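Student: Let me give you the structure first, and then I'll get to my questions.
Just so it is clear, none of the values below were taken in a lab; they were calculated from the coordinates. Just so it is clear, the model here is predicted, and its values are computed rather than measured. Cβ: placed from backbone, ideal geometry, glycine included. Neighbour counts: every protein chain shown.
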Amino acid sequence: MMKTEIKAFTLTELVVVMLISAVVAGLSYGSYRMWGSLGWAVAIVGFGAWYERRGLGALPVLYALGLLAFTVIVSRFPSERPDRPERSRFGAVGDAFRGSTALRPFLVGLLVVGVASSAAWSFVPLRISARGGGPFLIAVAASRGISRFTACDSRKHQAQWGSLISRILEELDAQVLLIPHVQDTFMPNDDRLLATEIMRSLGFHPRLHLAGADHTAAEFKGLISMCDLVVAERMHAAIAGLSSAVCTLAIGYSIKAGGIMSRLLGERSAAEVVIPFADFLDPGLAWGRLCAAWRERESISATLREALVEVRAEAALNFDLIAQLIGQPARTAIESRN
């Protein structure tokens, strides 16, 4: 989708560049840019409605026809190179800045708008606790691959997530942030698909949000760290919550979740925040464990903060051990690493 948008955007800009000389004859860059943007917006809405009603079966044919139309249009562009004045020593970039005094403030404005748009897309749904506003926020990291790992019916798995999230929205009156932690070209393992289906099944509830941008692992951890509770099938999303001292409820299908939780919280507490996958599929058991973790979230977070001091010290000790293995003083090893 993003590649298609880029191609359409690039074609619009190419048309503008080819016709920019027509400004003298009364045509303007602004009109081409405006109609190009409006055409893109209409196409997105129109084709989106079409795909929603008819499915994606026609997508390859429409895409091929679109590429053919692009090819025909581009082939009609003039190929003669116009005469240009003496070039800047900085090449085309210098020519652009020299030819337009408005380019510098435009680029500054574009940077501000881009940063603001990215921040709004990623962080507006979040509750910034330091400012004291908004409802509670719960992160959900559902795994599309877990159905394959456990031989579970994927429809039953998705329905259980829909039911659980619906109760979170209604009974806890919380915001829910879906974290598609694994983004894979192998579709049965791509969490974005499951997250989208969950949103659709709940009618795109206004308090249900999807962190669907192309986030890095560090950005996902930043999002998770702002939450009040994490419910995760993906172990790395659970680790992001635990390492940020956020109460985390792990849905486990292997021994990994229990081992990590026991190290941080002790055996007794760990049993309260790990749900075996088979129990998760039981709506009553899953909701009961989530509510129990919700009630104890502050005390669990406090325990995590205490445990993380020791865990981080042990992690730092690894560099001393590595330094000993390679026969280098620890301080020198760390300094060279930095």
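Student: So how far apart, in nm, are the two label points at residue 34 and residue 67 if each is 7 Å from Cα heading toward Cβ?
Tutor: 3.5 nm
Student: Now for a different question. Once the piece of chain linking residue 219 and residue 263 is laid out straight, how much longer is it, given 0.36 nm per residue of separation minus the C-alpha distance between them?
Tutor: Between residue 219 and residue 263, full extension yields 13.3 nm more.
Student: Separate question: Could you put 312, 263, 76 in order, starting from the residue whose Cβ has the fewest other Cβ atoms within 10 Å?
Tutor: Final ranking by Cβ density, sparse to dense: 76, 312, 263.
Student: I need the calculated FRET efficiency for the pair residue 44 and residue 77, taking r as the beta carbon distance and R₀ as 25 Å, to the nearest 0.05.
Tutor: That gives a FRET efficiency of 0.50.
Student: I want to make sure I understand the PRE zone here: with the label point 7 angstrom from the Cα of residue 156 toward its beta carbon, which residues in segment 242-286 have backbone N atoms less than 20 Å away?
Tutor: Inside the label zone: 251-254, 275-286.
Student: On to the next question. What is the fewest-to-most order of 256, 156, 221 by other Cβ atoms lying within 10 Å of their Cβ?
Tutor: In order of increasing Cβ crowding within 10 Å: 156, 256, 221.
Student: Based only on other Cβ atoms within 10 Å, what is the fewest-to-most ordering of 152, 247, 227, 291?
Tutor: Neighbour counts put them in this order, fewest first: 291, 152, 247, 227.
Student: Now a separate question. Scan around residue 231 for amide H atoms under 5 Å from its own, H built in the peptide plane at 1.01 Å from N, and keep only partners 5 or more places away or cross-chain.
Tutor: Residues meeting the criterion, in which the H sits 1.01 Å from N, are 139, 140, 141, 249.
Student: Residue 326 to residue 279: extension gain in nm, 0.36 nm per residue of separation minus the Cα-Cα distance?
Tutor: Using 0.36 nm per residue and subtracting the Cα-Cα distance, I get 12.2 nm.
Student: In nanometres, what is the gap between the two model label sites at residue 51 and residue 313, each 7 Å from Cα along Cα-to-Cβ?
Tutor: My value for the distance between the label points is 5.3 nm.
Student: I'd like the Karplus ³J(HN,Hα) series for segment 284-299: coefficients 6.51, -1.76, 1.60, θ = phi - 60°, whole numbers in Hz, and an x wherever there's a Gly or Pro.
Tutor: x, 5, 4, 5, x, 5, 5, 5, 5, 5, 4, 5, 9, 4, 5, 5
Student: Just need the relative contact order of segment 129-309 here, percent rounded to a whole number, with Cα pairs under 8 Å and 6+ apart.
Tutor: 21 percent
Student: Relative contact order of segment 184-264, please, whole-number percent, based on alpha carbon pairs below 8 angstrom and at least 6 residues apart.
Tutor: The normalised contact order for segment 184-264 reaches 18 percent.
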